[in-house]
Amino acid sequence: MSRKKGRLFVISGPSGTGKGTVCRELLKEIGNEFSVSMTTREPREGEVHGKDYFFVTRETFLENIEAGNFLEHATVFDNLYGTPKDMVVNRLERGRNVILDIDVQGGLQVKKAMPEAVLIFILPPSLAELRRRLEGRGTETAEKIEKRLGQALNEIRLIGEYDYYVVNDDLDEAVALVKCIMAAEGAKVPEAVRPVIREYENESKQK
Ligand code: ADP
Ligand code: 5GP
């Protein structure tokens, strides 16, 4: 049973919960289906322009908002982040699935713009573990870590807007569950079943 359009998956959750890690594991297993966001944040050591993010100035980002180039965009911890619309739409139209690793504000915007998107929320096992992960990652100052932790509970409170949740305790189990969710979504009977029936009718006629 073929589907013409790909599916859009949104992966969100508090900073430090392991979204990036889960997505990197998925990338190894299912290939390059991730959207690359644009941001005004400074690159971290080892991050590559065009691979991790498109790192741009605030001016360039604002021009892109003006031009309507984003599927969604949000201010996250003082920096602007946005999902380039064309890239996502083109891939979906070519029948490819797309995964977005974006914050909760962005996830809710995507749900509004594309209600068929599947929203997955990654939870930390506890707030104490979230703190350990943020501290362990070592990419933010103590002040920035406090800001991210302060925001975590506000984001978790919005989980009711999401379709699925995954607790990222054991990484392998979390990745396996995300893959199961994606597989199950892929096997859902499409709302418009007519085209699917037609495919079988056409096949039957060809015989
Ligand atoms: P996010 O993208 O959600 O901000 P990261 O993927 O950068 O989070 O993960 C934050 C830190 O937690 C990283 O140092 C990462 O190695 C670690 N981490 C991620 N998942 C797990 C896990 N299941 N168990 C232990 N540590 C984890
Ligand atoms: P980081 O600076 O740690 O890479 O990302 C900070 C937060 O911004 C994370 O929660 C990440 O998911 C989110 N983020 C990354 N790209 C986008 C995007 O394009 N749009 C939105 N709304 N959030 C994003």
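The values are calculated or read from the model by the stated rules, or taken from the named source; none is laboratory data. This is a predicted model, so every value here is computed, not measured. In this analysis, Cβ positions are derived from the backbone assuming ideal geometry, glycine residues included, and neighbour counts consider all displayed protein chains. Keep in mind that these areas ignore ligands, DNA and RNA; they rest on the heavy atoms of the full protein, side chains included. Shrake-Rupley method; radii C 1.70, N 1.55, O 1.52, S 1.80 Å.
Some points to look at:
- Efficiency of FRET from Cβ geometry, E42 and M87, R₀ 25 Å, rounded to 0.05: 0.65
- If a spin label sat at a point 7 angstrom from the Cα of I30 along the line to its beta carbon, the backbone N atoms of the stretch 131-168 nearer than 20 Å would be those of 162-168.
- Inter-probe distance in nm under a simple model that places probes 7 Å from Cα toward Cβ, at E201 and E135: 6.5 nm
- Between 0 and 90°, nearest 10: helix 127-137 axis offset from the chain longest Cα axis: 80 degrees
- Relative to the longest principal axis of the Cα atoms of the chain, helix 171-186 runs at roughly 30 degrees.
- Largest-first principal axis extents, alpha carbons of the chain, Å: 68, 40, 30
- R44, R148, R157, R137, ranked by accessible area, largest first (probe 1.4 Å): R157, R137, R44, R148
- Cleavage-rule hits (GluC sites (Glu not before Pro)) in the stretch 32-110: DSSP loop, at most 11 neighbouring Cβ within 10 angstrom: E45
- F55-V189 FRET efficiency (beta carbon distance; Förster radius 41 Å; 0.05 resolution): 0.45
- Gain on full stretching of the segment that runs from S126 to D170 - 0.36 nm per residue minus C-alpha separation: 14.6 nm
- The chain - mean residue ellipticity at 222 nm from DSSP helices (-39,500 (n - 2.57) per run, n ≥ 4, rounded to 500): -14000 deg cm²/dmol
- Counting only protein chain heavy atoms and rolling a 1.4 Å probe, the accessible areas of I122, I156 rank, largest first, as I156, I122.
- Inter-label distance for E116 and K179, nm, one decimal - labels placed 7 Å from Cα along Cα-to-Cβ: 2.6 nm
- Farthest positive-ward along the chain dipole, Cα basis, beta-carbon charges - from L71, T141, A117: A117
- Members of K19/K188; K111/K205; K179/K205 lying beyond 31 Å, as alpha-carbon distances in this model show: K111/K205; K179/K205
- In this structure, the amide hydrogen of V167, modeled 1.01 Å from its nitrogen in the peptide plane, lies closer than 5 angstrom to those of L123, counting only residues at least 5 positions away or on a different chain.
- Placing a pseudo-label 7 Å from each Cα along the Cα-to-Cβ vector at E66 and K5 gives an inter-label distance of 3.1 nm.
- Normalised contact order of the chain, rounded percent, pairs of Cα under 8 Å and 6 or more residues apart: 30 percent
- Within the chain: Cβ-based charge dipole about Cα centre, in debye rounded to nearest 20 (Lys, Arg +1; Asp, Glu -1): 700 debye
- Filtered GluC sites (Glu not before Pro), the stretch 103-200: DSSP coil and at most 12 other beta carbons within 10 Å: E116, E191
- Extreme residue, positive dipole direction of the chain, given options C180, L27, V196 (C-beta unit charges): V196
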